[in-house]
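Remarks on the structure that follows.
Please treat every number below as a calculation from the coordinates, not as lab data. All values derive from a computational prediction rather than experimental measurement. Here the Cβ is made from the backbone with ideal geometry for all residues, glycine too, and neighbour counts use every protein chain on show.
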Amino acid sequence: MPDWKKYVREKLPALQVKPTREAEIIEELANQLDLAYREAIAGGRSESEAHRIAEAQLPDWRRLARDIEIAQPPRHRSSARIWQGIPADLRHAFRVLRKSPVFTAVALATLALGIGGCAAIFSLVEAVLLRPIDYRDPNRLVMVWEKDAQNGFHKNVVAMADYLDWKARNHVFADMSPIHDRIWNVTGQGEPVMAEGIEVNDRFLPLLGTEPSLGRAFNPDETRAGGPAVALLSHRLWVNRFGARPDAIGKTVLLDDRPYTIIGILPANFPWLGRPLDVLTPLQLADRNWRVEAGRFLRVIARLKPGVSLAQAQNEMSGIARQLEVEYPDFNKGWGVEIVSLAEHFAAGSATALWVLMGAVGLVLLIACSNMANLMLTRAVIREREMALRSALGATSARLVRLHLIESAVLALIGGTLGCAMAYAAVRAIQLYGPEDIARLQSAGLNLQVALFALAVSAFTGILFGLAPAIAARRLDLASALREGGRGVGSSLRSERLRGVFVVAQVAFAFMLLAGAGLLIQSLNRLTSVSSGFDPHHVLTGRIMVSGNPGDEQLSAMCREMIDRLRALPGVENAGFITWLPFSGPGAGTDFAVVGRPPYGPGQAPETDVRVVQPGYFETMHIPLLRGRFFTRADDRPDGPRLYVVNEALAREMFNRQDPLHHSLTVEMDDSKPGRIIGVVGDAKQVSLDAEVRPMVYYVQSQLPVSFGTFVMRTKGRPELMASAMEAAIQNVKKGQPVSDVRTMDDWIARSTARMRFQTALLAGFALIAVVLALIGVYGVMAYSVAQRTHEIGVRMALGAGHGYMQYWIALRGMRLAAGGLALGLIAAALTTRVLDSLLYGITPLDPTTFALTALLLAMACLLASYIPARRVTTLDPLAALRSE
Amino acid sequence: MAEPYIDTRALQKTSAEIVVLALLEQRSRHGYELAKLIESRTDGKLEFHVASLYPMLYRLEAKGWVEGRWIERAGERRKRFYRITSRGRKILALQRQSWRDFFEALDRVAQIRPA
């Protein structure tokens, strides 16, 4: 009995259908032959006759295979045809790339820069802007601020009284919690340290949707006045101080020398606005007349009720604020409410810069792509003969396109992998050396999303730069390509035009980046040359927080003694003390009035910043005295006459041409006791270099005791070398006193410009890469063009053109492309630099000097890039050039 | 006078599907059986080559008019039986009607009556 299955398998050409389907078809056809054979045998035919009869059933196997294939529904068709030969193409791609190492190296470097830059910046954008916050249903969480638009206070801290009224009257929030920032001296077990903490109510953790990983959250009893002293510790503090022992629950920890019972531990990854948080304590509310006794000092977080939009909440809260303005005009006149989503709060300040950087790397990537396209196109022309040969041997144009795309894809993937490695290094570097105040920056990394993004970018680049030569390959005119012996003039002219377009685009993109970087660099220069109003060099600072609220006199005496010890250190010129050191964060401010002038209406009083200093502060910081005198030690008495030193801005605003020294002020701090102005000092910047200096009233320490502040110390040598001496001197006076933020004043100012330096450095880096890539592009095209036109150059020279003329002729072609790019870039930059507006300082987005300089710089670079290939002409022998074919 | 000549190949091609559907209307059958039935019932006039039967079955299956299924009987090799689907029945009814209309029209004009 013949094996009909085997027979069919041998006869039937391979079907382009899935293997299981093919097996079924073979079996069915074999059945047909088998039955025919059996019938013939049963009819008395011989075996060989029967075999012939069966065979005659299916005479034309090729046609049968074709008919069967056509009849198959798509789900049975195999994709084999598309994939067939891919391994061979891959091997070929690798071989080709290995054979031209210079091309491969340039291509991979270009790609790694483009893809790596993109992946690095995207990982930052993903971590800081895109990743949802780790709270339950984070889109419903908002920060609620007060605002006094008239006086320019936005996102202002909130008064306790207002918070309590909001909480009682609103219908839009499911939960609200006040947040009061605290800095604690953590003592007792282990090293004394300063720890960041917040005081909140019992709804705080449920509101975020978080629970302690150990122990429990606060209960309502613990947030009442006189409630028990309890605390939740961060996972980090628990590990460091209690060795992560579960029995830490129920133990006590000394916070500012007062014992607190530990009732819970926060989860290890507890996210608090991206910053470290070590201690959570209940905000215990006494029944006080808050509007009289306290100012605005809280932050407020809230969760919107389901179905309530941010706009609805804003609407209702504004209504409540208007009620309060009517009910309490003295305190609330002019104050409204400003609600900001938590996501926006997180991203505040960094969003614009990051999107700008993302746009910048996008441009770098496009330049990298067009450079790659140029490289591939040049190679495609060189390999035109190879392609023509393949075509002649039966390769379809789809096959040739695929060959090009596979080569590009291999390059893009290797380049993408290199780029990912580069991105990893870049992100680590940015986390180590970048600004510290960008929330969630530290959580950036090469996660799945970033990897997918890099993969997508690689694929995109691969297709983009593979497409140009692939399309060129489709247009291949077989006969002429073969006939022209590899020079392929027809298509090379076409691809030369395409390459010209790419170069114009590259120069235009580079112009945009260079102009943007130029604007940022000039802004940074202007900002850092702004005077702070004091001399920050050679000043060391160290912050303390005095535990246990010593009496006013005692606190001031202690600070004086510490200052004396600091002054006694060898190499120290002077020392002083101030609450709220400039550039170290927000400070205090309040209403004030000049004694003897008519009273202000509700909400009309002028505002001033307030700082408390020890005598010696101004001298140490080199803040100039303009009138009167500085504080002396004799002034530092709580029972003495109230004395104020004011800054120039206050003197100018309130007294114009009058002498401020003859006047007294009432300042609404702890009391409104009138005090005499004894001196006017120069304006000193407080928040940042670009902020306007506001009026300032300085108190002497014992007249407004605050239990924390920063020592400043002017040294002869390098201040950072005195850090441990400073700590020792302070701890000599009070044993175990933690000193934190020991750093130079220069460092504080540098921190305030860190973001700007960061974004400037990155954009400048991208601009540099862009220019280098664009120049490679210009150079490549010109060099190739010279090589292609050797014959033409020979003819021109034979007809009398000198070397100089030929150089000019070639460089002119390069410059024509560059000029096109510059013109296009100028227009594009003029249209786009306005996105930088909020990042600039003291310069407009259309600054003519920057644009002119950018154009000049880029033009010169392009000239150089096209002159180098042009110089090759001088080494050209006209006869040899004529012979070149 | 030359013998009247009718080119039946075009007719065969369009009628092949209706024949297969009609044969499957009564009960499900396998490919060999179908080939035999067509040959015997049309006296070989509808010369229906096996080579075109199977592609046609696959085409009808792809269209969802018939459904093939492997059935194993004791002591026999398994065979692929085809049965008509409800969609196939509707198509068959429609085709029958249009053939009828066609022949009636033909009859009115040229007195050709289907047997």
Inset, instruction - With everything on Cα atoms, drop me the angle between helix A:351-382 and the longest principal axis of chain A, reported from 0 to 90° to the nearest 10. - result: 20
Inset, instruction - Assuming R0 = 51 Å, can you tell me the calculated FRET efficiency for the pair A:Asp287 and A:Ser529, based on Cβ-Cβ distance, to the nearest 0.05? - result: 0.45
Inset, instruction - Of all alpha-carbon pairs in the stretch B:10-110, indicate the percentage at a distance above 17 angstrom. - result: 55
Legend entry - Dipole magnitude of chain A about its Cα centre (Cβ charges: Lys, Arg +1; Asp, Glu -1), debye to nearest 20: 3520
Legend entry - Quotient of Cα Rg and 2.2 N^0.38 Å for the stretch A:131-270, N being how many residues it contains: 1.18
Legend entry - Within the stretch A:138-347: Cβ-based charge dipole about Cα centre, in debye rounded to nearest 20 (Lys, Arg +1; Asp, Glu -1): 360
Legend entry - Among A:Pro660, A:Ile730, A:Gln703 the positive-end extreme of the charge dipole of the stretch A:547-736 (Cβ point charges): A:Ile730
Inset, instruction - With a bin width of 10 angstrom, please list the P(r) values of chain A as percents of all Cα-Cα pairs, from the 0 bin to the one holding the largest distance. - result: 2, 9, 14, 17, 15, 12, 10, 9, 6, 3, 2, 1, 0, 0
Legend entry - Approximate spin-label separation A:Asp181-A:Leu90, in nm, with each point projected 7 Å along Cα-to-Cβ: 5.5
Legend entry - C-alpha long axis of helix A:310-327 to longest principal axis of chain A, angle in °: 10
Legend entry - Geometric extent, Cα atoms of the stretch A:555-620 - Rg, Dmax (angstrom): 16.9, 54
Inset, instruction - Go ahead and collect, in residue order, the members of the stretch A:93-136 whose backbone nitrogen is under 18 Å from a label point 7 Å along the Cα-Cβ direction of A:Ala429. - result: A:109-125
Legend entry - Most to least packed among B:20-29, B:97-106 [average Cβ atoms within 10 Å]: B:20-29, B:97-106
Legend entry - A:Glu196-A:Leu254 FRET efficiency (beta carbon distance; Förster radius 25 Å; 0.05 resolution): 0.90
Legend entry - Residue among A:Ser48, A:Trp355, A:His538 farthest towards the positive dipole end of the protein assembly as shown, charges placed on Cβ: A:Ser48
Legend entry - the stretch A:138-347: relative contact order in percent, alpha carbon pairs under 8 Å with at least 6 residues between: 36
Inset, instruction - Compute the relative contact order of chain A as a whole-number percentage, counting only Cα pairs closer than 8 Å that sit 6 or more residues apart in sequence. - result: 14
Legend entry - Three-way shape call for the stretch A:588-638 based on the alpha-carbon gyration tensor, with the a/c threshold at 1.5: prolate
Inset, instruction - Would you please put A:641-651, A:136-146 in order of how densely packed they are, using the mean number of other Cβ atoms within 10 angstrom per residue and starting with the highest? - result: A:641-651, A:136-146
Inset, instruction - Return the average number of partner chain Cβ atoms within 10 angstrom of each residue Cβ along peptide A:62-74. - result: 4
Legend entry - Fewest-first sequence of A:Met806, A:Met376, A:Met545 by Cβ atoms within 10 Å of each Cβ: A:Met545, A:Met806, A:Met376
Inset, instruction - Compute the distance in nm between two label points, each set 7 Å from the Cα along the Cα-to-Cβ direction, one at A:Leu864 and one at A:Arg9. - result: 6.9
Inset, instruction - Specify the angular offset, from 0 to 90 degrees and rounded to the nearest 10, of the alpha carbon long axis of helix A:101-125 from the longest principal axis of the alpha carbons in chain A. - result: 40
Inset, instruction - Would you work out if the stretch A:277-351 is rounded, prolate or oblate? Take a ≥ b ≥ c from the square roots of the eigenvalues of the alpha-carbon gyration tensor; rounded if a/c is under 1.5, else prolate when a/b is larger than b/c, oblate otherwise. - result: oblate
Inset, instruction - Take the Cα atoms of the stretch A:597-722, find their three principal axes, and give me the spread along each one in whole Å, biggest first. - result: 53, 37, 26
Inset, instruction - Mind checking which of A:Ser556, A:Leu650, A:Ser672 is farthest towards the positive end of chain A's charge dipole, using Cβ charges of +1 (Lys, Arg) and -1 (Asp, Glu) about the Cα centre? - result: A:Leu650
Inset, instruction - Provide the packing ranking of A:405-414, A:218-227, i.e. peptides ordered by the mean count of other C-beta atoms within 10 Å per residue, highest first. - result: A:405-414, A:218-227
Legend entry - Förster radius 25 Å - calculated FRET efficiency between A:Glu792 and A:Arg816, Cβ distance, rounded to 0.05: 0.90
Inset, instruction - Pull out the extension gain between A:Thr875 and A:Leu626, defined as 0.36 nm times the separation in residues minus the alpha carbon to alpha carbon distance; nm, one decimal. - result: 82.4 nm
Legend entry - Inter-chain Cβ neighbour average for residues A:637-644, partner chain, 10 Å: 0
Legend entry - Virtual spin-label span in nm between A:Asn656 and A:Ile463, 7 Å along Cα→Cβ: 7.0
